[in-house]
Amino acid sequence: MPPERSSRTRPDRKTGTRPNQKTRMKQDRRARVGRDGPPRKADPSSQRKPPARPRAAAAAIAIAVEEERRLRQRNRLTLEEDKPAVERCLEELVFGDVEDNEDALLQRLRGPRVQVQEDSGDSEVENEAKDNFPPQKKPVWVDEEDEDAEMVDMISNRFRKDMMKNANESKLSKDELQKRLKEEFQHAMGGVPTWVETNKQKTSSDDESEEDEDDLLQRTGNFISTSTSLPKGILKMKNCQHANAERPTVARISSVQFHPRAQVVMVAALDNSVSLFQVDGKTNPKIQSIYLEKFPIFKACFSANGEEVLATSTHSKVLYVYDMLAGKLIPVHQVRGLKEKIVRSFEVSSDGSFLLINGVAGYFHLLSMKTRELIGSMKINGRIAASTFSSDSKKVYASSADGEVYVWDVNSRKCLNRFVDEGSLYGLSIATSRNGQYVACGSNCGVVNIYNQDSCLQETNPKPIKAIMNLVTGVTSLTFNPTTEILAIASEKMKEAVRLVHLPSCTVFSNFPVVKKKNISLVHTMDFSPRSGYFALGNEKGKALMYRLHHYSDF
């Protein structure tokens, strides 16, 4: 050993320095080795390995579960001490004796788990969810008579008999009958309805919609759908079969009106007939025709509830009332207090309470629809040209021949206001909108003034919202559609003189009428169906033309 190394390990006696702690530990270790010999290696079999971590975790979980179970047991016993004996007895009857083990109760309610033998590619979460569902139980017994009862007799019912394709189908199962009914429905509707396809699309996209819902709630934006109001400019429509195609006539059509509740249209003409047709847009089959001898129809109109038809003639004071439910024709020859020699023009209030008859010398008379008795008479200056009820049936608007309009209260029969129709020298027609917003006045010069109804009640010289000047002859017909989006104007003094005005823009639709076809001729009457799906007009050639408005989906 070199002298430098020995000098570092051994203490220097001359200097009297003490060895450090590390040096003393080494010396003690050498002394033990010299005294006891070299250390022996431990037997491999006697060596213990530390326990694996998963086992320790499982043991800890088991201990925690046991502690939790003891705590629940203690709490349950504490709560049960306060329960009455009747309640404890009822719990034992319903849930059994599960005092010592609540897991047994949960397992009993959940049901036995189904062991899946096959190796499926489902995730562990899906497999666990499937195990939680109880298995489907098989019926204990099956009654063979139930299978016989599922067969439906097709011959006994006349409606089912029409659905038989051959004589062998005297009995059909309920499933086959359901399929047959679906086929009949689709045949009647002209195909599968759009709402069925919509439901199928919704069912197929349930998973995607759930993901979209989360995305929808995580962001903001403009989720308002597009407006369903009628666009201006071009009105999408198509020609349909004439309403009176199954009963043609050459006499002038005096009235066309749609039934307020049923898909029916009424056509009255100067040939003494009133006919009802079912509206389908294809054949429009005839339902019934009423012939009134020596009674050329001047005007025919449904009652507000659609149960009666009222008709007047061109040269008679008799008012005919046809009861559609009873099938009776009731003539009203004389109304007490009414001294008119001829009864022609009349209006029915929208609530079905009143009947307004235009007379001569400026008089118009208010009658009760229920009793057909005179309530009262009102008079304006000059000759009365046209009249109409307001949308709420509380007011009457009467247009005079000198260009003025009178507003009367129905209950008090007093004049509320009198205003001048701007630019009018001779009034011919008047109409009010269903929503109570507009009043339209037609004059002999072809101008239609559209007013705000509030200004007509308050001002003597109201300014019109718009003056429609697309006609050059007297405006004899004015009709608002039920949604107050279209105003139909027409003149019976010129062929093809009919226009449809868009509201609230007050602009005329450019695609109606089609000038090249010239099949409209002179228009005498017009009407819209209850939900604006159809538009009909009658001309002097005996044709009730009908159009389908595509913007409106319903009749």
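Of the strands (runs of 3 or more DSSP E) lying entirely inside segment 437-485, the ones with 1 or more residues being open to solvent by 30 Å² or more (accessible area, probe 1.4 Å) are found at 448-452, 466-468.
Say whether the condition of being under 18 Å from P462 (Cβ atoms), over 40 Å from the mean Cα position of the chain (by Cα) and not in a strand (DSSP E or B) is met by at least one residue in segment 384-399. The answer is no; no qualifying residue exists.
In segment 350-359, the count of residues that are closer than 30 Å to M237 by Cβ, in a loop (DSSP other than H, G, I, E, B) and among the charged types (D, E, K, R) is zero. Of V196, V142, V192, all but one fail to be modelled with pLDDT under 75, of a type in the set (A, V, I, L, M) and open to solvent by 90 Å² or more (accessible area, probe 1.4 Å); the exception is V142. Highlighted here are the strands (runs of 3 or more DSSP E) found entirely within segment 235-316 that include at least 2 residues which are under 15 Å from N539 (Cα atoms) and either open to solvent by 60 Å² or more (accessible area, probe 1.4 Å) or modelled with pLDDT of 95 or more (or both): 253-258, 264-269, 297-302. Starting from residues that are among the β-branched types (V, I, T), surrounded by fewer than 18 Cβ atoms within 10 Å (Cβ to Cβ) and without any contact (Cβ under 8 Å) to a residue 40 or more places away in the chain, keep the ones in segment 504-522 and report whichever is farthest from V265 (Cα to Cα). Once the filter is applied, the top-ranked residue is V515. Does L230 satisfy being open to solvent by less than 20 Å² (accessible area, probe 1.4 Å) and not in a strand (DSSP E or B)? Answer is yes for this residue. Please tell me if I357 is hydrophobic (A, V, I, L, M, F, W, C), open to solvent by less than 30 Å² (accessible area, probe 1.4 Å) and without any contact (Cβ under 8 Å) to a residue 40 or more places away in the chain. Yes: the conditions hold for I357.
Filter segment 400-409 down to residues that are part of a strand (DSSP E or B) and of a type in the set (A, V, I, L, M, F, W, C) and give me whichever is most open to solvent (accessible area, probe 1.4 Å). Outline the logic, then answer.
Filtering segment 400-409 for residues part of a strand (DSSP E or B) gives 400, 404-409.
If we keep only those that are of a type in the set (A, V, I, L, M, F, W, C) too, we end up with 405, 407-408.
Values: V405: 2, V407: 0, W408: 27 Å².
Result: W408.
Take the residues in segment 523-549 that are within 17 Å of the chain's Cα centre (by Cα) and open to solvent by 10 Å² or more (accessible area, probe 1.4 Å), then tell me which one is farthest from S254 (Cα to Cα). So the residue we want is R531. In segment 317-337, the count of residues that are without any contact (Cβ under 8 Å) to a residue 24 or more places away in the chain and open to solvent by less than 20 Å² (accessible area, probe 1.4 Å) is zero.
Scanning segment 410-436 for residues that are open to solvent by less than 40 Å² (accessible area, probe 1.4 Å) and over 21 Å from S345 (Cβ atoms) yields N417, F419, G436.
The values are calculated or read from the model by the stated rules, or taken from the named source; none is laboratory data. Since this is a predicted model, take the numbers as computed values, not measurements. Glycine also receives a Cβ, built like all others from the backbone with ideal geometry; neighbour counts cover every protein chain displayed. SASA here: full protein model, heavy atoms, side chains in, ligands and nucleic acids out. Shrake-Rupley method; radii C 1.70, N 1.55, O 1.52, S 1.80 Å.
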